[in-house]
Each structure stands twice: as structure tokens, then as C-alpha cells.
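Working notes, structure below.
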Amino acid sequence: MKSAMSSPLRFVALAMVVLGLACLPALADTGQPAAANVTITGTVVDQNGSLPIANAVLELQRGAKTVATTRTNSYGIFTFSAPPEVYTILVRATGYASVRSDDIVTVTGRTNITMTLRRAENTGDIRQIGRVTVTSHGGGLQTTTTIQHESDPQTMLRTNQIRIAEGLAKLPGVNPIGQDSSVGDDIGIDIRGLKPSETQVLLDGHPIGPLGVYPGDIGGGTGGFNFQDSPLFAVQNSLVTYGSGAVGLYGVDAVGGSVDLQTFNPTVTPESIVKYGFGDQGKQLFAAQTSGTDGKLGYVFLHGVSGTYGDFQPQFIPQTGARGSDFTSSTLAQDTYLVTGNYTLRNDLGKLRYAFSPQTSLTLTAYSATSWDDKTGNGDNDFISPEYALFQGQTNTNCSSPTVPAGLSVQTDAGTECVSPQQYAAGASGPAGGGPGAFQAIHNQDYHARLLTSRGKNQFVLDAFVDNYGRDRVRPASFINGSNNILTDKFRTVGMLVSDDIATEKNDVGFGFYSQRQYVTGNRVSGDAGFIPSADLFEKLSSFFVRDAYTPSEQLSIFANAWLKHSLIGGNSFDPRVSFVYRPRAEDVIRLTGGGSSADPAPIATTFTGAGGINPGNCQQFSLGTVPSSNERPEKARDLEFSVAHRFVQDSTAQLTLYDTNESDTIFEGQSPAAGFLDLINQNGPTYLPGVFNHIKLICPNFGVGQPPPTIANLFVNTNLNLARSRARGLELSGRLRATPHFFMDGYYDVQSTVIFDAPDFLLMDNPTLINGSQLERIPLHKYGISADLTNTTGGEMFLDYTHYDGNNGLLRPAYGVADISFTQRLSAHTSINLGISNLFDTAVDNYGRIGLGVFVPENAFGTDANALAQGSERFGLSPAAISLTLTQRI
């Protein structure tokens, strides 16, 4: 234990020493004679379609001073000539968010770069100059060869969203997982219908949160990064990369893709911003941000906090749906408790960038995001519908009387009574929460150092980070849920990257090494089992990469990338990727990419349930807990992507993307006979198994009546297994139409088909809605979105977006759509006001998950449910229309 905990500290110490040694030559870079001018050349392209952006205006800046200005040609190419220095480039283009590059360290002779611009989601983006990271032409080309979409957190703020998750869910091929009727409950993100844990969440390019593939979803299990903790304040842009292109700079495990939360960078000139907002559902927000550059030092400091009581203003609500057949007033009194949807998010960012010399700079970043939600109004909002209660009453009759020929026996203040199914439904329907006082807190603290230095034609990067992610979920003992249930998970990730890019006029070659370690700790308090400590888990990944970007002409670019990885759990893997980008004309681009990726299984602990905590289940087979499988293998995927894009005029474009991803060794949770794990089971002591058998006889009396006593054959353990294949295919048609200089529209139509194959019978028995060869549950086959932006000459703007979700959606309701709108008006040069309305048309509204009213989910041959009532399908909804007003003051 001691060595495991000290390893990350030694790892960070080593990274700091290397950083310091790398900086020593930079400190001596003074007093050198002036060198001849160098050439800075590159390409400006559209991030979504890789179309070159013609006639973009570029300013070469040293500090706050513009030293040269130019425009791109029809192929988006630009050239500057200037003395060797550290520069930034400011780019402005109609319909795109204006950006300023990261520091560009010029090298001897020629520096080649690619700058990718994202389309402005609204005109307000153009007034707020963002910042993009640019290192070399090869690094930029790697971005332009991937399929990407962005979601702007500032647009989310303006349309009255409270976290990043809802904005991501509007993108094509992105699905919210675990979505329910609450404003602040657990929510995950998957890409192209693959599991949330197959989507890697990044912060400024490096992985954060739980690593590895889990079989489950967000919420009850770990399942990946929980976007409950995704505040909007410190993130300038959230970038989704699809498929194997997400392997990226760090070589992360990402079969489905990645979500990169890109934080703010220092501005060239000093700027401070203060925001204050309030609105419906008790919502309030405050944010303060300052940024600038003073000599060699650039800085960003930010703090933001937002909160709401969501769908439930604090109130006492009787949980009539939780009382079953006990209709006594004393039980109703105990089942009545305070319910609130209180939800709070806090966000902090500190970033310093220091230029030691024209060739060397160091960036230090500290990031914090925390969330807290009251579970009584966020997630614990099941509702037994009258229809479902009536169905249960009609199918479970157990008494009769002169007035009730077939009824149910219930307890009332007058004693035991036989009531009709209709009377039972009237008394047993209603809210069915999980008990009072439950809450969940999630935190993510991240520390990141990045050194960039150039020597001759070489550009070296040394990068190190430490990420701390954790969750605390508490459900106190109550009349409803019995004993205390407490969960604590902590994930500590340490990583270091060393790379070198060698730039020539038409060819960039890069190579490097990345090492990553994650330490997992935690414990549980669960029912009669009491305190259950979790074994400390450890996962290590080491990988080498080589990449080459070759641009033989203005029309053709070729990018090749290969990662050779070795992990403690998954062993060795090889992830290659090759992309061809062809521009037959300046207005057209064709991309063809083939690649592979792998995803290691997540480490899981051996966790046995206490003898007194065994669940009766079907009183035939009983789970002892969870154990790791020695035969579990990494998931592997191979994907093929093709896209063609065309620019009509200015920023009016159209793009068609096709993809096909084939995944093998898909991980699910399975069951194995306990007899194969006796060595582990016996570590619980000689009284453990006898205690389990005694408890089984207590909770399942059938073992004492004409049936032999339970044996080891009645016991099993849960473990993660490679049990099937998956395939994700789809197409996406997207584009922009600029009607006038003041009005444009964006839109997309998305088809995503995700199915499994070769699932064994025992997996299908445990998951009756899993069908070989059929669309996965809660992944809509069709989805489309449209947005519009209108401005006037007085600083006013209206932004509207609408997203339509087909059936088989995450809310388990028929197809629906949701619209959000914002109105922004500039009051002065430094002051603006914004009115935002979420769920503008009040569609699909419900603050409860209504059991029995969801759509029927098709079942396989082992399923026995004939309709949604028998299935207990739970229909969720959206929060009602809500308004917020926000004042922004620039200083």
C-alpha cells in the first residue's frame, strides 16, 4: 500500500525534474545575435469539414502588437516572414468564431502550421476571441482528418442550460445515457451508440475520470465519466471527436470517441468579465474571470458557481407509491419527507503561461469542478402510475370477499381488508422515492504542466498531469430503504508525455512516449453487510507513437499515425490510423480514413456481499458479489470513415459523412459459478459460507420444505466478460446556409445504427431487451437538429436551436423535440444583457419517471413481457420551460 501511494508522487517528481532540466537551456537563450527571418506558412480550414477558408484575415502578433497582416488564398493558405520570435496569429473569417493561436515558436527556415476554425454557433462568438492550440502542420492535420463537432458552453449558458451534458446531447451521433426527469441527476455520454465508458473524456487533451471499459451505465455503477459534474464556466469549447480519431495526442483508449473539455487560455490584452444571472426554479449564477499577458507571463483566473432547486422547490411529499399494500396512516407519515431538487455546480481555473525565451514556454494549469445534488429531487423520482398499479392489482389478486370477488389484501388503520384492484391502484400509486436525506457529491481536480521548446527544426513537448476524480453518494437509513447505503470512489490518474516533431516544407514527422497510471480506492457501507472496503486497484499504460504528415501539394494531404501500447490489464495492442485528404478544388474536400483503436477493461475489485446482505432474487441462484476475470481482454475496434464537403459561398457549406465501426470482444457483466472461486471465497473466513447458507434458508423458506439445503451450486459471482461483437454504422448530413450578412442557419440529419451480434443465451436471459442483430435500446435511429441566428446593427441577437429525437430515445417516450432560445442585447461597449429560455415550447414535460407509461421495448426470445405495463417501462420527461436573465460586464 505504501509503495502504491508513493508511486504517483515519484512520477510527478520525475516529471518536474525533467521539466526543470529542459528549461535550463532556455534560461541561457539571451544575448544571442539576431537571426535571419523565418517563414511562417500554413492553412486555415473549417474544423467540421476540413474545407479551406478563403479570404480569412490573419494578424501576426508579438505580445499585443500586430507586426504583419495577410489573407488566405482560395486554398486557405497564408505566409508570413518575420524574425525568429514567439508569435500568435489572430484569425477572423465571416461565420467563424474568431481565434487567436497559442504561442507559435518559430524555428530556423520554415514553420508549417494548420489552424482549424469552428463555425460560430451564434454571432456572439465573433465578439469573443477564443484561442486554439497550434504546434505544427502535422498536429493540425491530425485534427482536420478526424470527424468532429463542437458545443459552445457560452451558448449553453445563454440558452439557460446549467451543465455541458445537455449541449453535447444535441450533437449528431451523441447520446445522453441515464437521462431522466431530473435537472441535476447522473448523466453519461456515449458516441455512436457505444457504451459511455468507451467514450473518453479529456481536459485540454489529456484523460480524466475513470479509465477503462465498464459493462454498465452511469448512475448505479461507475460506467465512465459522470457529466453531473460538468459546469460551464471554465470550458471555452467542448470538442467531440468520433471513432479512432479520438486516440489523439495522448493515445487514449477510445473506441467510441472522445469529449475534450478545452479550458480558457490567456488573452494578449488584459480583460476581466463578471456575470450574474437569475431565473426560474430558483436558479442563480455568478462568474468572474480575468485574463491577460504581462511581459513574458500570460494568465487566466476564473471562478463560477450556479445553483437551482430544479423541478422540486423544497416541499414535503407523501410517497404513496412506496408503501405497497400498507395503507396505514402511520406508514404514510413515515413515507412523507422533504423533497428538493437542489443542485449546485462550482468551477475554478488558474492558468499561467511563461515564455522563457522566443523558443521555450511553460504552461501550468489548475482546474476544479465540483457538483452536489439532493437525490430526493434528482433521480429518486419514480412514480407508480395508476395504470401500472392497476395492472399489478389485477395480476396479483390474493383475496376475496362478498363485495370483492377477486382482490388484494392490504393493511389499513382498521386492520386487514380485501380491496378491489381499482381501490388498490388508487392507494398504491403515486411518488415512490428512495428515502429522505440522500445526496451525491462529485469532484474533479486536475493539475497540468506543459513545456514547449524548439531547437532547429525540432519542436519538443514535455507534458505531465495529475487528475483526481471522486464520488460520494450517501443514502441514510429510513423506513423506505432500511439500512445506510454509502458509496465512495476515488480515481487518481498520473500521466506524462514526451514528443518531438520535426518539421520540413512538406513533411512533418513526430514520435514520442506516453505513460499513464490510475489508482482506484474507495469503500461502501451497504445494508446488513455493513462496511465493505474496496481493494486498491491499479492500472498502468505505456505507449509509443510515430506519426507522419505529408503534404505533396495544395490538393493532397496524407496522415499516418501508429500507437504501440502496453497495459497492465490488456497487454499489448497496436492502433494504426491512415487518412487521405484531397481537395480537387478550393471549394471541395474529400476525406477517407481507416483506423483502429482498443480499450482496456477497467480494473474491478473483489467485493463479496456480507452473509446478511444476500439478495433472495428468484430463491434459486444467489450472487456472492463481484470478482475480476483473468480471461477478460481489451475491446478492439476497426473503423472506416468517408466524408465529402462543399463550400457554396462565404461560410455556406454542406457535408456528408459515412462511418462503419466493427468492435470485437464487447464487455458485458456475466455470471460464473462460485465453485470456481473457492480460494477467494475462503479468504472471508470459515464462518462465511455457513452464514450465507443460513441466511438463504431464512429468506427463502422453500429450502426447508421438501427441498435440499443450499449448496455451493446455488451460488455465483458476477464478473466482466467478453461476450459479443458490436457494429455501429451511420451517416450524417450537415451544413450551413447564410441567407444574409445578419442571418444564418445550421442543421444536420443523423442516422445511427448500433447492434450487437453473437451474444450468448445466458446474457440474453439476463437482458431480455438485448437482441442479436437489432438496434440497441435507447439509441434513436434518427435524429436531426437545426439552429438559426439573427443579428441587428444595434448589438442585438436572437439564437434558436431545435433538436428532434426519434423513438427508442433515452426518455423511453415517443419521438419528441426540444427548442431553446436566447435574446442578447449590447447595452454599451462593455455591458450586455441576455434572456434565455430552455424548453421553449414546453414539450415532453414531466418531473417524475412514470413506471408503466414508457414505450414498450422489444424483447428477445427469452423475454416474457407482452406490453409496457408488464415490462414496467418507465417514461421520463424534460424539465418545463424556464427563463433566466444574465448581465455581463466587461472591465
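Rule-based calculations on the coordinates, nothing more; no lab input. Quick caveat, the model's predicted, so the values are computed rather than measured. Positions of Cβ are generated from backbone atoms using ideal geometry, with glycine treated the same way; all protein chains shown enter the neighbour counts.
Here the chain carries DSSP beta bridges of which approximately 90% are antiparallel, counting only pairs with both residues inside.
Could you pull out which residues in the stretch 841-882 have an amide N less than 20 Å from a spot 7 Å beyond the Cα of Asn396, following the Cα-Cβ vector? From the stretch 841-882, the list is 849-854, 864-875. Working from label points 7 Å from Cα in the Cα-to-Cβ sense, the Thr269 to Gln621 distance is 6.9 nm. For a paramagnetic label modelled on Leu640 (point 7 Å from Cα along Cα→Cβ), amide N atoms under 20 Å away belong, within the stretch 568-603, to 575-582, 590-598.
Taking each residue as 0.36 nm, the span from Leu737 to Asn37 lengthens on full extension beyond its C-alpha to C-alpha distance by 247.8 nm.
Packing here is the average count of other Cβ atoms within 10 Å per residue, and on that basis the peptides 179-192, 866-879, highest first, run 179-192, 866-879.
Pairwise Cα distances in the stretch 307-393 exceed 21 Å for 58 percent of all pairs.
If R0 equals 45 Å, the separation of the Cβ atoms of Ser515 and Ser74 corresponds to a calculated FRET efficiency of about 0.55. Extents of the stretch 787-860, largest first, come to 62, 22, 17 Å (Cα atoms, principal axes, whole angstrom).
Amide H to amide H distances under 5 Å link Val252 with no residue, where only residues 5 or more positions off or on other chains count and H is placed in the peptide plane.
Under 5 Å between amide hydrogens, built in the peptide plane, is the criterion, and for Asp190 it picks out Asn175, Ile177 among residues at least 5 positions away or on other chains. Between Thr111 and Thr39, Ile40, Thr41, the built amide H atoms are under 5 Å apart, and every one of these is 5 or more places off in sequence or on another chain. Taken one residue at a time, the phi angles of the stretch 442-458 give Karplus couplings (6.51, -1.76, 1.60, θ = phi - 60°) of 10, 9, 9, 10, 9, 10, 9, 10, 9, 10, 10, 9, 10, 9, x, 8, 9 Hz. Gly and Pro are set to x. Counted by Cβ distance under 11 Å from Gln411, the other residues give a net charge of -2, where Lys and Arg count +1 and Asp and Glu count -1. Put a dot 7 Å past the Cα of His782, heading toward its Cβ, do the same for Thr831, and the two dots end up 4.9 nm apart.
Where only DSSP H runs of four or more residues are counted, the chain gives -3000 deg cm²/dmol as its mean residue ellipticity at 222 nm, each run worth -39500 (n - 2.57).
A simple charge model with +1 on the Cβ of Lys and Arg, -1 on the Cβ of Asp and Glu and nothing else charged puts the dipole of the chain at about 2160 debye relative to its Cα centre.
Subtracting the Cα-Cα distance of Ser630 and Phe648 from their residue separation scaled by 0.36 nm leaves 0.9 nm. Sorted on the mean count of surrounding Cβ atoms within 10 Å across their residues, most packed first, peptides 725-732, 474-481 read 725-732, 474-481. For the stretch 515-524, putting each phi into the Karplus relation 6.51 cos²θ - 1.76 cosθ + 1.60 with θ = phi - 60° gives couplings of 10, 9, 9, 10, 10, 10, 9, x, 7, 9 Hz, in residue order, rounded to whole numbers and with x for Gly and Pro. Coupling constants for the stretch 823-836 follow from the phi torsions by the Karplus curve (6.51 cos²θ - 1.76 cosθ + 1.60, θ = phi - 60°), and in residue order they are 10, 10, 9, 7, 8, 7, 4, 10, 10, 9, 10, 9, 10, x Hz; glycine and proline get x. Tell me the angle of helix 2-27 to the major Cα principal axis of the chain, expressed in degrees between 0 and 90 and rounded to the nearest ten. Approximately 10 degrees, to the nearest ten. Expressed as a fraction of 2.2 N^0.38 Å, the value expected for a compact globular protein of N residues, the C-alpha radius of gyration of the chain is 0.99. So which of Lys351/Lys636; Lys275/Lys351; Lys195/Lys490; Lys170/Lys195; Lys195/Lys783; Lys283/Lys375 end up more than 26 Å apart by C-alpha? Exceeds cut-off: Lys351/Lys636. Charges were assigned to the Cβ only: +1 to each Lys and Arg, -1 to each Asp and Glu. The resulting dipole of the stretch 294-398 about its Cα centre is roughly 660 debye. A full extension of the chain between Asp766 and Phe316 corresponds to an added length of 158.2 nm, given 0.36 nm per residue minus the alpha carbon distance.
Charged neighbours of Asn808, selected by a Cβ distance under 9 Å, balance to -1 (K, R count +1; D, E count -1). Site pair Tyr550 and Arg62 shows an inter-label distance of 3.7 nm when each label is modelled 7 Å from Cα along Cα→Cβ. Distance distribution note for the stretch 707-772: the fraction of Cα pairs above 20 angstrom is 62%.
Using +1 at the Cβ of each Lys and Arg and -1 at the Cβ of each Asp and Glu in the chain, identify which of Thr344, Thr593, Val404 lies farthest towards the dipole's positive end. Working it through, the farthest residue towards the positive pole turns out to be Thr593. With a Förster radius of 35 Å applied to the beta-carbon distance between Ala333 and Asn867, the computed FRET efficiency rounds to 0.50.
Annotation: peptides 683-696, 752-765, 416-429, ranked by per-residue average of other Cβ atoms within 10 Å with the highest first, follow the order 416-429, 752-765, 683-696. Summing Lys and Arg as +1 and Asp and Glu as -1 over all other residues whose Cβ lies under 12 Å from the Cβ of Ala654 gives a net charge of -4. The alpha-carbon positions of the stretch 792-835 define a convex hull whose volume is 75 Å³ per residue.
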